[in-house]
Amino acid sequence: YKDRILKLIEQGTVILATGNAGEIFANKIEYITEGIAIDGLNIFDLTVKTDLFKRYNGKVLGKVDGIDVVGFRSQFSFLYGDNTIFPFLECTRGFGINKESKLEGMRKNNLICTQIIGPILPLNPLLCEYLIALTGNKAEAAFRQSAMDAYQTRLKEFQDPSVKF
């Protein structure tokens, strides 16, 4: 389906891949634990390195197009290469595609890949509305006022320098 996926990306179709789902869009996925590698779809010039003996759990605070994004990570994989021309967001706390990067995820047109896991949209109602707008529609996030209250609380928590990432 690579040709179809590429066509949809070029047409601006909104595609959100969270957690490790976006890894397939990299050049290669190396499974360190098993000693094998597979080819990805080659859309982003990155290599994924997966080590099933080393799980990372953490938080992310970043910005995409002026929107603060809060989220969580639970992963065995990190990405390596230069994503300076196609990041999803810039981290203000936490790290990006690997522990040496402040740039998180990958983006090409409206294909957005992020290692931030769900519930990324319920935690970020402004991001949810942003993604809806990318489809050419306008709608509020579900239960918007409650979602915004929770988002503001989480944002304040993540901005607190005493909170560990």
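The values are calculated or read from the model by the stated rules, or taken from the named source; none is laboratory data. Predicted model, so just to flag it, every value in this text is computed and none were measured. When we count neighbours, we look across all protein chains shown, and the Cβ atoms used for this are built from the backbone with ideal geometry, even at glycine. SASA here: full protein model, heavy atoms, side chains in, ligands and nucleic acids out. Shrake-Rupley method; radii C 1.70, N 1.55, O 1.52, S 1.80 Å.
The label point for residue 10 and the one for residue 80, both projected 7 Å from the Cα toward the Cβ, are 3.2 nm apart. Listed by chain and number, the aspartates and glutamates whose C-alpha is less than 20 Å from the C-alpha of residue 49, apart from same-chain residues fewer than 8 away, are 23, 30, 34, 39, 82, 100, 104.
So for the chain: antiparallel DSSP bridges make up what percent, rounded to the nearest 5? Mind showing how you got there, number by number?
Values: 26 of 35 bridges.
Around 75 percent antiparallel, to the nearest 5.
Residues in the range 56-149 average 45 Å² of solvent-accessible surface per residue, probe 1.4 Å, ligands and nucleic acids excluded. Note on residue 7: lysines with a C-alpha under 17 Å away, same-chain residues under 8 apart excluded, are 108. Annotation for the range 82-100 versus the range 114-144: alpha-carbon center distance of 20 Å.
Please give the FRET efficiency for residue 21 paired with residue 162, using the beta carbon to beta carbon distance and R0 = 30 Å, rounded to the nearest 0.05. Write down the numbers at each step before the final one.
Numbers: r = 33 Å, r/R0 = 1.09.
Computed FRET efficiency for residue 21 and residue 162: 0.35.
How high is the relative contact order of the chain, in percent, with contacts defined as C-alpha pairs under 8 Å that are six or more residues apart? In percent, rounded to a whole number, it is 21.
Accessible area of the chain with a 1.4 Å probe: how many percent of it is carbon plus sulfur? Don't skip to the answer; put the middle values down first.
Values: 4830 of 8930 Å².
Accessible surface attributable to carbon and sulfur in the chain totals 54 percent.
Rounded to the nearest 500, what is the 222 nm mean residue ellipticity of the chain from helices alone, with -39500 (n - 2.57) per DSSP H run of 4+ residues and division by all residues?
On the way: 4 runs with 39 residues, N = 165.
Result for the chain, helices only: -7000 deg cm²/dmol.
What FRET efficiency would be calculated for the residue pair residue 110, residue 36, taking the C-beta separation as r and a Förster radius of 41 Å, to the nearest 0.05? It would help to have the intermediate numbers written out before the result.
Working: r = 32 Å, r/R0 = 0.78.
That gives a FRET efficiency of 0.80.
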